[in-house]
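Notes to accompany the following structure.
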Amino acid sequence: MSRSDLPCELHVVRYADWATLAPLADEWDRLSGGIPFRSWAWQSCWWRHYGGDAAANGSSSLYVLGVFTPSGRLVGLAPWHGARSLARGRVLRFLGSGEVCSEYLSLLCEPGWDEPVADAVAQWLTEAAGRDRVPGLRCDRWDLLELTAVDRDDRAIARLAARLETLGNVVHCRPGLPCWRIDLPDDWDAYLAQSSKNHRRRLRKLEQDFVQGRAAARRAERPEELAPLLAQLVAFQRQRRRQLGQRTCFESERFVAFHRDVTAALWADGKLLLLSIEKNGQPVAVDYALLGENTVYAYQAGVDVARLNECPGHLGHYALVRFALDRGTGALDFLRGDEPYKATWGAVPCETIEIRAAPSRRVSRLRHQLWLAGTGLKHWVRRRIRHAH
């Protein structure tokens with residue numbers, strides 16, 4: 001950090017429409033830390049499908065904060081949007097939140113600038129929360145900040161929360177669902193060696209299926225292969241969830257449309273892994289993963305419910321592990337959710353947190369207290385139900 005770029009001299013600019021952000025696309029990706037969920041492709045597609053219509057009718061607004069040095073260099077971004085409700089006022093959340101289930105969201109910061117960027121954002125938010133509405137001008141006031149899918153060790157968000165509290169805002173932090181991550185060794189033999197005896201036996205059987213040609217993993221290599229594979233994934237997901245009597249995000253046409261667009265954008269950026277898993281020449285599973293700088297993120301998968309006896313899910317996990325090892329990737333991340341298979345494959349939980357902050361205005365504090373009371377009641381009811389059984 002140079003003398004001309006002292007943290008106290010940072011200034012913040014709010015971007016309220018996407019057109020003014022477009023020139024910052026390359027800078028956005030530079031600050032994203034190589035995490036696909038934070039990328040321009042992912043978050044711009046999300047806004048197009050989930051934010052644009054709501055913005056047109058006034059129920060949502062873009063609320064991206066850019067943090068600049070005096071020389072005009074962009075060193076940080078708060079990638080947020082605001083949604084209005086009668087009960088909670090204007091709520092700020094990450095772009096990519098909701099049913100899309102983006103992971104590892106954060107402030108986007110140049111390395112070494114986490115704390116000054118977080119301080120600048122906290123100061124700006126605190127001042128914006130107290131501004132009176134001026135007729136005819138854009139309103140920056142907010143009533144609630146809800147940040148989910150945050151890594152527990154995220155320094156920028158931890159600093160933001162601490163600074164907001166110091167400035168008189170009310171801040172509440174609670175654990176979220178963990179992500180499950182495999183820190184991969186150097187090669188397949190080392191991965192086998194670190195697996196349990198039973199899992200090692202299963203892995204060798206899966207390996208033989210691929211070596212002897214009974215199974216194959218075919219990656220989408222051309223843009224025209226993306227749509228058919230995605231359609232297969234959607235069909236598998238819908239069949240499986242209906243069999244279980246559950247709903248899936250893939251029932252949402254908006255969710256599916258988002259993924260049609262974002263897979264094309266990620267493929268163009270070299271950040272997509274879409275695999276068709278075949279058994280005896282027929283597709284039995286589709287695996288959809290995102291490629292980070294040193295991590296493969298296993299985002300979605302679908303299996304043929306008519307061929308569950310052939311273990312299509314295991315075949316897909318095997319293909320992901322081998323791909324990550326062959327690529328020299330440091331980790332395979334199964335993301336949030338406590339499904340038992342994750343631990344079986346050697347993944348360990350990585351804790352996430354959820355941050356909720358309200359400004360010092362009386363109405364905002366009251367809303368926050370009511371929310372805390374409601375959350376406490378829900379937890380009490382869950383405990384009572386568990387004890388009753």
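Compared with the dominant principal axis of the Cα atoms in the chain, helix 226-244 is inclined by about 90°. Of the GluC sites (Glu not before Pro) found in region 175-254, the ones in coil according to DSSP and having at most 15 other Cβ atoms within 10 Å of their Cβ are GLU221.
Mind listing P(r) for region 185-329? All alpha-carbon pairs, 10 Å bins, whole percents. Per 10 Å bin, starting at zero, the Cα-Cα P(r) for region 185-329 comes out as 11, 39, 36, 14, 1 percent. Under 5 Å between amide hydrogens, built in the peptide plane, is the criterion, and for LEU144 it picks out ARG90, LEU92 among residues at least 5 positions away or on other chains. Ordered by the count of other Cβ atoms within 10 Å of each Cβ, fewest first, ASP326, ASP143 give ASP326, ASP143.
Assuming charge only on the beta carbon of Lys and Arg (+1) and of Asp and Glu (-1), the dipole of region 122-260 about its Cα centre is about 740 debye to the nearest 20. Each residue of region 258-270 was assigned a 3J(HN,Hα) from its phi angle through the Karplus curve 6.51 cos²θ - 1.76 cosθ + 1.60 (θ = phi - 60°); the sequence is 4, 6, 4, 6, 6, 5, 5, 5, 5, 4, 4, 8, x Hz, with glycine and proline shown as x. Bridge orientation summary for the chain: considering DSSP beta bridges with both residues in this region, about 90 percent are antiparallel. Structure remark: mean-square fluctuation, Gaussian network model of the chain, C-alpha springs under 10 Å; the largest value among GLU293, GLU165, GLU339 belongs to GLU339.
Each of LYS205, LYS197 was scored by other Cβ atoms within 10 Å of its Cβ. Arranged with the fewest first, they read LYS197, LYS205. When the Cα positions of ALA158, GLY270, VAL211 are compared along the charge dipole of the chain, ALA158 comes out farthest toward the positive end, with charges on each C-beta of Lys, Arg, Asp and Glu.
Here region 185-329 is treated with +1 on each Lys and Arg Cβ and -1 on each Asp and Glu Cβ, and its dipole about the Cα centre works out to around 680 debye.
Values in this text are rule-based calculations from the coordinates and carry no lab data. Remember, predicted model here, so these are calculated numbers, not experimental data. Note that each Cβ is placed from the backbone with ideal geometry, even for glycine, and that neighbours are counted across all protein chains shown.
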